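Let me begin by presenting the structure, written as structure tokens, before commenting on it.
Values quoted throughout were computed directly from the atomic coordinates according to the rules given, and no laboratory measurement underlies them. Note that the structure is predicted; figures quoted are calculated from it, not measured. Ideal geometry is used to build each Cβ from the backbone, glycine not excepted, and the neighbour counts take in all protein chains shown.
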Amino acid sequence: MSELRVRFAPSPTGYLHVGGARTALFNWLLAKNKGGTFILRIEDTDVERSTKESVDAILEGMKWLGLEWDEGPFYQSDYFPLYKEHVQKLLDSGKAYKCYCASEELDTKRNLAMQEGRKPKYDGTCRERAEQPDGQPYVVRFRAPQGGVTAFDDLIKGTITFPNEELDDLIIQRTDGTPTYNFCVVIDDASMRITTVIRGDDHVNNTPRQIQLYEALGFPVPQFAHVPMILGSDKARLSKRHGATSVIAYRDMGYLPEALLNYLVRLGWSNGDDEIFSREEMVQKFDIGNVGRSASVFNTEKLNWLNAHYIKNGDPERLADLLLPHLSVREVTTLNGPDLMVVVRTLQERAQTLEEMAERAVFYYNAPLSYDEVALAKFDKELLLSVFSAVMEKLSKVSEADVSGIDALFKEVCNENGWKMGQVGQPVRIALSGGTQAPGIGEIVVTLGIEETIRRIQAAREFVAGK
């Protein structure tokens, strides 16, 4: 059996969206599982809509996900001479012909067919045309078989059959001489020796046409696997209206690449009831036959759960590096504050995204300029002043702090004054962070340091006293 060769072939007319990323992932996993080759091809024949920015966004998204390719990226636009050569081969062998029908004429015939309830396919006017008018614009059409069926065994969907009478003579070259999508794909896949084509099931209807072209050109026909679509919560095809669909947007929202990969692999593929897979486990266990036939629904809550898992179990040093851009957009500098790794350790247990972690990390570096007054109002003013004074007095006698020691100190304050922990811990948490959503008091005090902690409690005391 020949070496497995797969490809991911996005069009650079936009960003890398999650559906494309999942297709890339399935191709990459199959290649790694079988010791094959993963090829990246950029299908940029749509010159008007293809942009360098889109190419860069696709490459950036692939690299962020860690889906490194073995060959490429190859660009379709570099292969126009090859496409023209194969168009000519089909013309010379009589397997293609020039069609001079004007677009207006075709539109009229198409509309009439639809009115009469017929399939609006090309009627073959030029199929046997002997006259070749000089200087008149033409397209090149493939002479498709008119009887029988074209069938293939899809690795996901099973056997799919198309009656040939429903397929018209496909245009393979436009009037301006440029080749069409279905033709380019066949030449590319054949010349790159692709053995298995994994793509979205919106391409199912293209497959019989492509198989006919493979056979007409004498190329081996690859295996096909059509992956069901990803739907939004309303069961419509996933789109911008459902929220972020760009891989890079998820990065910027604070998701980890391993979390998004883990989520995408489970959108349609399963290995028993397992939910969490490392990259190595995905490669080891992936089987294209275990991809389901039904569409998958994108569930942000599930993605958040996975992301929280990877943050909670992540390396604090790596998370600190990844957190820096999220702090930077908040104009937070970490140079004159606590070690960011230490900060991460206090937050990673509770954060679902790096954005959420960054938001909660701000107070470590920027002392609060305001306080949650609704939360403060739940406590008597005199109690707050007494609590702040008692805590500062105790802290001023501490030379070296650790979390258990600080926790014990707060218990002492409570016991000595007959206060409950909620009457002491929550006001101090507000004094240190500005709000109530923060790590444990011991963690905050040790991370900020005794001197900075006392300074912030004193500032909060002055705020309360002045009200």
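Given the pairs Lys63/Lys235; Lys52/Lys240; Lys394/Lys420, which are separated by over 27 angstrom at their Cα positions?
Over 27 Å apart, Cα to Cα: Lys63/Lys235.
Evaluate the Kirkwood expression for the hydrodynamic radius of segment 337-404, namely the inverse of the mean inverse distance over all pairs of different C-alpha atoms, and round to one decimal in Å.
Hydrodynamic radius (Kirkwood, Cα only) of segment 337-404 equals 14.8 Å.
Please give the helix 403-417 orientation as an angle from the longest Cα principal axis of the chain, in degrees from 0 to 90, rounded to the nearest 10.
Here the helix axis deviates by roughly 40 degrees.
Can you give the net charge of the other residues whose Cβ lies under 14 Å from the Cβ of Lys119, counting K and R as +1 and D and E as -1?
Taking every other residue near Lys119 into account, the sum is -2.
Report, as a whole number in µm² per second, the diffusion coefficient that Stokes-Einstein gives for segment 81-181 at 4 °C and 1.567 mPa s using the Kirkwood radius over alpha carbon pairs.
Translational D for this selection: 85 µm²/s.
Go ahead and estimate [θ] at 222 nm for the chain from helices alone: -39,500 (n - 2.57) per DSSP H run with n ≥ 4, summed, over the residue count, rounded to 500.
Estimated from H runs of four or more residues: -14500 deg cm²/dmol.
To two decimal places, what compactness ratio does segment 80-140 give when its Cα radius of gyration is scaled by 2.2 N^0.38 Å?
1.33
What are the equivalent ellipsoid semi-axes of segment 387-434, built from the alpha-carbon gyration tensor (square roots of five times its eigenvalues), in whole angstrom, biggest first?
Listed largest to smallest, the semi-axes of segment 387-434 are 15, 13, 10 Å.
More than 26 angstrom separation, counting every C-alpha pair in segment 131-245; what % is that?
33 percent
Any chance you could check the Cα centroid distance between segment 70-115 and segment 408-441 for me, in angstrom?
Segment 70-115 and segment 408-441 have Cα centres separated by 75 Å.
Restricting attention to the chain, give the cysteines that have no other cysteine Cβ less than 4.7 angstrom from their Cβ.
Singleton cysteines: Cys101, Cys184, Cys414.
Convex hull over the alpha-carbon atoms of the chain: what's its volume per residue in Å³?
204 Å³
Just add up the charged neighbours of Glu349: K/R +1, D/E -1, any other residue whose Cβ is under 14 Å from the Cβ of Glu349.
So the environment of Glu349 carries a net charge of +2.
Subtracting the Cα-Cα distance from 0.36 nm times the residue separation, let me have the gained length for His203 to Arg293 in nm, one decimal.
This chain segment gains 31.0 nm when fully extended.
Quick one: what does P(r) look like for segment 51-93 with 5 Å bins over all Cα pairs, in whole %?
Once binned at 5 Å, the Cα pair distances of segment 51-93 give 5, 17, 17, 17, 12, 11, 10, 7, 4, 1.
Taking amide H positions as placed in the peptide plane 1.01 Å from N, state which residues far from Trp269 in sequence (5 or more) or on other chains have amide H under 5 Å from it.
Amide H neighbours of Trp269, under 5 Å, 5+ apart: Gly292.
Ignoring solvent entirely, what values of log10 I(q)/I(0) come out of the Debye formula for segment 314-366 at 0.20 Å⁻¹ when each Cα is a single scatterer?
Once normalised to I(0) and log-transformed, intensities are -0.57.
Just want the answer: with Cβ charges of +1 for Lys and Arg and -1 for Asp and Glu, which residue in Leu264, Pro137, Tyr75 is farthest toward the dipole's positive end in the chain?
Pro137
Below 8 Å between Cα atoms, with a sequence gap of 6+, how large is the relative contact order for the chain in percent?
In percent, rounded to a whole number, it is 12.
Total Lys pairs in segment 81-181 closer than 27 Å by alpha-carbon, pairs eight or more apart in sequence or interchain only?
The result is 15.
Restricting to the chain, compute how many DSSP beta bridges are antiparallel as a %, nearest 5.
Among the beta bridges of the chain, antiparallel pairing accounts for roughly 50 percent.
Packing-wise, with mean Cβ within 10 Å as the measure, how do 32-45, 372-385 rank, highest first?
Descending packing order for the listed peptides: 32-45, 372-385.
Rounding to the nearest 10 and keeping the result within 0 to 90°, find how far the Cα-based axis of helix 316-328 lies from the longest principal axis of the chain.
That works out to roughly 90 degrees.
With 12 Å as the cut-off, how large is the P(r) tail for segment 31-73, expressed as percent of Cα-Cα pairs?
That fraction is 67 percent.
Angle, helix 354-365 long axis vs. longest principal axis of the chain, Cα atoms, 0 to 90°, nearest 10?
So the helix axis and the longest Cα principal axis differ by about 30 degrees.
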